Amino acid sequence: MPSIRARLLAAAVAALRVHTVFDGPERTRRSIAGDRRKGPTAPSAKIRARFSVHEEEFSGHRVHVVAPREGGSRTRRVLYLHGGGWTMSITDPHWGLIATLARRLDCAVTVPSFPLAPEHTARETFAMLLPFYADLAARTGEGELTVMGDSSGGNLALSLAMQARTAGLPQPARLVLLSPCVDATFGDPEIARLDRRDPILPARGLPGLGRAYAGDLDVRDPVVSPLFGTLDGLPPIAIFTGTRDVLNADAHRLREKAERAGIPLAWHEYPEMLHVWPLFPIPEARHALDHIEAFVTASPSPEIHT
């Protein structure tokens, strides 16, 4: 049974018609135009008062580093890639989660502003992210770098690990994927059933996002849809998925693929939870954060849950 807060969140999301953001080409176009007028949010004054917030630049792109003001692990680091359908800027709920991660994991969280579609495509996104990752990995202690992302950010995180492997770069110690989008074709037949219960992501608008992000690549290319790539050689993966999320079916497919490949997997499926629920102030988010903390801080290898 979902908590009262979770049920209120679901009701509020439905009342606010959040699903209309990507509900077809015209609504998507207007949503992206509004996002560009507003621009990305930055860490709030409250976060800046409680945490060390450092801003830097990489290849012309802004990077934030959020860390505890005092203490903190000297070596542990999280690279966080935000979601938003590959097209939308980082939002306040993302920053809230990032600050919580910095506090609970007692470490620095690095948050790059990467190129967004449709102005940029997957090739350009990774032309920035792959060298950025290489630089960050070189500056982080062995076994101390976690790559984490929500929704399309989970897509980027998994694809980034695959491309790092191909490029001969060191792998992160672990991947944490929150409601990940791993198949940009959105072709699983289960999506139609899940769509009737998901108040956030509209199934009919998602394939257009995948095509815009893919650019001149096939949407089934593992760079765009990492579900179609090989997982061999990747680090342990934690997957968080809710049953009221159209991406839940693809999360199950990723789980099966990881199990066949022998990849250590921490699987956390939450009944009745919405897309990216760990971003919101509900008890189920705190519970998910408990599991994330245990997974990231475990030594020498994460505890695996099924």
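The values are calculated or read from the model by the stated rules, or taken from the named source; none is laboratory data. For clarity, every value in this text was computed on a predicted model and none was experimentally measured. Every residue, glycine as well, gets a Cβ built from its backbone with ideal geometry; the counts of neighbours run over all protein chains shown.
One table, with the values for the structure above:
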| quantity | calculated |
| --- | --- |
| Any hit, region 255-264, residues being touching a strand residue (DSSP E or B) at 6+ places or on another chain (Cβ under 9 Å), basic (Lys, Arg), surrounded by fewer than 22 Cβ atoms within 10 Å (Cβ to Cβ) and farther than 30 Å from ARG17 by Cβ | yes |
| Inter-residue pairs, beta-carbon under 9 Å, first more than 14 Å from ALA161 (Cα to Cα) and among the basic types (Lys, Arg) and in region 119-134, second surrounded by 15 or more Cβ atoms within 10 Å (Cβ to Cβ) and at pLDDT 95 or above, 6+ apart | ARG123/GLY215; ARG123/LEU217; ARG123/VAL223 |
| Residue match in region 272-295 (condition: part of a strand (DSSP E or B), buried (at least 22 other Cβ atoms within 10 Å of the Cβ) and modelled with pLDDT of 95 or more) | yes |
| Top-ranked residue in region 181-202 [being crowded, with 20+ Cβ neighbours inside 10 Å and closer than 13 Å to VAL224 by Cβ; ranked as farthest from the chain's Cα centre (by Cα)] | PHE186 |
| Residue selected from region 145-177 under the condition touching a Gly at 6+ places or on another chain (Cβ under 6 Å) and outside any loop (DSSP other than H, G, I, E, B), by the criterion surrounded by the fewest Cβ atoms within 10 Å (Cβ to Cβ) | ARG165 |
| Residue list for region 91-112, filter: in contact with a Pro (Cβ under 9 Å, 6 or more places away or on another chain) and either more than 18 Å from PHE51 (Cβ to Cβ) or basic (Lys, Arg) (or both) | ARG103 |
| Filter result for the condition that a residue is modelled with pLDDT under 95 and either of a type in the set (Ser, Thr, Tyr) or within 21 Å of THR41 (Cβ to Cβ) (or both), over THR166, THR140, THR110, THR185 | THR140 |
| Answer from PRO236, PRO222, PRO226 - the residue that is farther than 30 Å from LEU9 by Cα and in contact with a Pro (Cβ under 6 Å, 6 or more places away or on another chain) | PRO236 |
| Helices (runs of 4 or more DSSP H) (entirely within region 1-101) containing at least 2 residues that are surrounded by fewer than 21 Cβ atoms within 10 Å (Cβ to Cβ) and under 18 Å from the mean Cα position of the chain (by Cα) | none |
| Flag for GLY205 being in contact with a Phe, Trp or Tyr (Cβ under 7 Å, 6 or more places away or on another chain) and crowded, with 24+ Cβ neighbours inside 10 Å | no |
| Scan of region 190-220 for residues that are free of Cβ contacts under 8 Å to residues at least 24 places away in the same chain and assigned to a loop (DSSP other than H, G, I, E, B), ordered by number | ARG196, ASP218 |
| Residue selected from region 144-170 under the condition in contact (Cβ under 8 Å) with a residue 40 or more places away in the chain and out of contact with any strand residue (DSSP E or B) (no Cβ under 9 Å at 6 or more places or on another chain), by the criterion nearest to ALA203 (Cα to Cα) | SER159 |
| Filter pass, LEU136 being part of a helix (DSSP H, G or I), surrounded by 23 or more Cβ atoms within 10 Å (Cβ to Cβ) and aliphatic (A, V, I, L, M) | no |
| In region 102-113, the residues that are assigned to a loop (DSSP other than H, G, I, E, B) and in contact with an Asp or Glu (Cβ under 9 Å, 6 or more places away or on another chain) | CYS107 |
| Out of ASP232, ASP250, ASP245, sole residue that is farther than 24 Å from ASP92 by Cβ, surrounded by 16 or more Cβ atoms within 10 Å (Cβ to Cβ) and of a type in the set (Asp, Glu) | ASP250 |
